[in-house]
Amino acid sequence: MSTNIRTGIIGYGLSGRVFHAPFIDVVEGYELTKISTTKPKSIALIEERYPVTAIVPDGKSIIDDPEIDLVIVTSPNTDHFRWAREALLAGKHVVVEKPFTVNVAEADELIELAARQKKILTVYHNRRFTSDTRTVKKLLDSGLLGEIVDYETHFDRYRTDPRPNGAWREQPLPGSGIFYDLGAHLVDQALWFFGMPTAVTAEINSQRAWAKADDHFDVRLHYPSFTATLKSGMICRIPGPTFLLHGTNGSYVKYGLDVQEATVDGGAIPQGKDWGREPESIWGSIDAEYKGVKIKGKLESEQGDYRDYFINLRDAILGKTEIAVKAEEARNVMHIIELAFQSSKEKKTIAVK
């Protein structure tokens, strides 16, 4: 391995352009070596932003390069397993964009292969590194709200028309639809906060008449003393709360999304000590009483920072720490996704085994 971790990114859609390339470019210890794409607009953008990065036509040109240490898979979901498997077989460390795969069997095979190859395999569950998620995690760990009795999270959008050019996420393909796309985030957050549930009840459907894949879900993860509700829809002009928690000592409610995606998408470079810091206007509200102290008002959000994902990944590859987002955790997300689809299809609650 060279001094820097030579990195190739398969694909340069939203994921490669916003969530991976800018961070590989700025985090110390990486070299953004290759990006695969054939789209003229993407090629022009890469040439402008990363002039020393090679542009290649496909993932094979990255995987077959003996100098590449790390492969980041940002292809459509149907190709996650294929590219990850080929990269591991070629002796590369691998990051797979969420969702990990399109089913549990594929996830299990990749985990076993990574173990045999003695390579890092992780999934880009970046929502663990946002302001809102970090704030909720710290709140839960503190015990400030007491015993949680209700948890609800939304990832709502408003778009009534199809995406132009027939976007693959809206086609009836394995891994398509809003639950694989946004639900993977919400499931991972819940499992990170609370662990595996005992059962799942779900309604996953399409609300837009033209939709060929699911565009709405209401999923309940049942825990011994409360239910975690995960919701998302594409016809929500007024989004629901990003997080809503009720506990025996108090409540917390948060609206608005983490600022990092929109900031990078607008062309900003992820750098500086204030990167990922939320403005006060979207801090959450708390009303609680803890050990006789009453707390009410705005709660300052923790600072989000996707750079921390890549810092941890770098250090794990170098053998200095454990990987933060374990492939086994991402596999559990796929398990819950499969059970949720089963629950929705059979119209009944499914036990988690």
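The values are calculated or read from the model by the stated rules, or taken from the named source; none is laboratory data. All figures in this text were calculated on a predicted structure; none of them were measured in a lab. FYI the Cβ positions are ideal-geometry reconstructions off the backbone, even for glycines, and counts take in every protein chain you see.
Only one of (1) basic (Lys, Arg); (2) in contact with a helix residue (DSSP H, G or I) (Cβ under 7 Å, 6 or more places away or on another chain); (3) surrounded by fewer than 17 Cβ atoms within 10 Å (Cβ to Cβ); (4) part of a helix (DSSP H, G or I) is not met by ARG116, so which one is it?
(2)
Considering each of SER232, SER281, SER301 in turn, give the residue that is hydroxyl-bearing (Ser, Thr, Tyr) and within 16 Å of HIS154 (Cα to Cα).
Only one candidate passes the filter, namely SER232.
Could you tell me which numbered condition LEU145 fails, if it satisfies all but one of (1) assigned by TED's automatic domain parsing to the domain that holds GLY250; (2) assigned to a helix (DSSP H, G or I); (3) in contact with a Leu (Cβ under 9 Å, 6 or more places away or on another chain)?
(2)
Out of the residues in the range 189-225 that are among the acidic types (Asp, Glu) and farther than 16 Å from TYR158 by Cα, which is nearest to the chain's Cα centre (by Cα)?
Only one residue tops the list, namely ASP218.
Just one of (1) of a type outside the set (A, V, I, L, M, F, W, C); (2) closer than 27 Å to ASP25 by Cβ; (3) touching a residue at least 40 places away in the same chain (Cβ under 8 Å) trips up LYS320, so point out which.
Only one criterion is unmet by LYS320, namely (3).
Filter the range 150-171 for residues that are under 14 Å from TRP210 (Cα atoms), assigned to a loop (DSSP other than H, G, I, E, B) and not small (Gly, Ala, Ser) and give the result.
Within the range 150-171, ARG159, THR160, ASP161, PRO162, ARG163, PRO164, GLN171 meet the criteria.
I'm trying to understand the selection: among the residues of the range 317-352, which are assigned to a helix (DSSP H, G or I) and touching a Ser or Thr at 6+ places or on another chain (Cβ under 8 Å)?
ALA327, ALA330, MET334, SER343 - these are the residues of the range 317-352 that are assigned to a helix (DSSP H, G or I) and touching a Ser or Thr at 6+ places or on another chain (Cβ under 8 Å).
Go over the candidates THR248, THR242, THR263 one by one and state the one that is closer than 29 Å to ARG159 by Cβ, surrounded by fewer than 18 Cβ atoms within 10 Å (Cβ to Cβ), of a type in the set (Val, Ile, Thr) and not assigned by TED's automatic domain parsing to the domain that holds PHE23.
Being closer than 29 Å to ARG159 by Cβ, surrounded by fewer than 18 Cβ atoms within 10 Å (Cβ to Cβ), of a type in the set (Val, Ile, Thr) and not assigned by TED's automatic domain parsing to the domain that holds PHE23 holds for just one of THR248, THR242, THR263, which is THR263.
Show me the strands (runs of 3 or more DSSP E) found entirely inside the range 181-295 where at least 1 residues are in contact (Cβ under 8 Å) with a residue 40 or more places away in the chain, among the hydroxyl-bearing types (Ser, Thr, Tyr) and closer than 21 Å to ARG134 by Cα.
227-233, 250-254, 284-290
Hey, can you tell me all the residues within the range 173-188 that are among the aliphatic types (A, V, I, L, M) and within 21 Å of GLU152 (Cβ to Cβ)?
ILE178, LEU182, ALA184, LEU186, VAL187
Consider the range 49-76. How many of its residues are closer than 12 Å to TYR12 by Cβ, of a type in the set (A, V, I, L, M, F, W, C) and over 25 Å from the mean Cα position of the chain (by Cα)?
2
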